[in-house]
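The values are calculated or read from the model by the stated rules, or taken from the named source; none is laboratory data. Quick caveat: nothing in here was measured; it's all calculated off a predicted structure. Cβ: placed from backbone, ideal geometry, glycine included. Neighbour counts: every protein chain shown.
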Amino acid sequence: MGTRAVTAATGREIRGSGTDELRWQSWDGLRRLPQASAGELVPAGSRALVLAPHPDDELLGCGGLIRQLVALRREVIVLAVTDGAASHPHSTLWPAARLARERPRESLRALRRLGAGSVRVERLGLDDGRIGEQAQRLDAALDRIVLGADVLVSTWRLDGHPDHEASGRAAAQAAARHGAALLEMPVWMWHWAAAGDTRVPWERACRLGLDDDSHAAKCAAVEAYRSQLSPDPTTGSGPVVAPGALAHLMRREEVYFR
């Protein structure tokens, strides 16, 4: 998901406790979003290319979709843009070198717990926190991989975290260049936006329901991200993914912008 306090642009700051999940749950607009199935979002004959700016975005943003696509025997490839080495600045418990080793391992453990251990992961090797500066490298990697029949699944272009937004822009541009379909997943949007927020493209939104099995698997898988869910005693910081932020992403449904 990224670092603890980030500003992408005025009005989309990732600071403080954010919008409480109870406020989202009490908003009728969520329930009015049209429902979609995994088979509709990624039709037969298409691959799902999941663009994850950091190790954990693929599970938190679309873990339920990945599990359902695997059950449908769709090909799923996770494109890990960075190894997430910048999530704990100034930490002696989680220095960058350790994070660069451990966070990809956490991601693989999470995929196995999700029931998606067969999913291929391609590490693109960009620097955490600098995806926007390295956009040409990301564009070149996507041009090597993306096919016209693919569905690119990426963080939303206006999600609030610079790395999420840069990945979303790259995915949207690659989809346009290759004639591929695009699904955007809001991750940090749930934190800074408010229910019914007019800055959010609700007219493009749909929701994917998670059955008991998919939801339980996603809940089990998220526990693999030990580095992101535990406080850091060497800096006095709380978890990178605080309980309030996690609650938005562990619902019994996932939201996508088509």
Being loosely packed, with under 13 Cβ neighbours inside 10 Å and either modelled with pLDDT under 95 or in contact with a Ser or Thr (Cβ under 9 Å, 6 or more places away or on another chain) (or both) is the filter here, so list the residues in region 1-30 that pass it.
ALA5, ALA9, THR10, GLY11, ARG15, GLY16, SER17
Of the conditions (1) closer than 21 Å to ASP211 by Cα; (2) touching a residue at least 40 places away in the same chain (Cβ under 8 Å); (3) aliphatic (A, V, I, L, M), ALA86 clears all except one; give me its number.
(1)
If only one of ALA110, ALA149 is out of contact with any strand residue (DSSP E or B) (no Cβ under 6 Å at 6 or more places or on another chain) and crowded, with 18+ Cβ neighbours inside 10 Å, which one is it?
ALA110
Matching residues, region 215-229, being surrounded by 14 or more Cβ atoms within 10 Å (Cβ to Cβ) and part of a loop (DSSP other than H, G, I, E, B)
ALA224, TYR225
Please tell me if ARG74 is surrounded by fewer than 18 Cβ atoms within 10 Å (Cβ to Cβ), of a type in the set (Lys, Arg) and either under 23 Å from TRP202 (Cβ atoms) or more than 16 Å from the chain's Cα centre (by Cα) (or both).
no
Of the residues that sit in region 26-59 and are free of Cβ contacts under 8 Å to residues at least 40 places away in the same chain and charged (D, E, K, R), which one is farthest from ALA71 (Cα to Cα)?
ASP28
Counting only residues that are of a type in the set (D, E, K, R) and over 15 Å from TRP190 (Cα atoms), give me the helices (runs of 4 or more DSSP H) lying completely in region 1-80 with at least 1 of them.
28-32, 38-41, 57-71
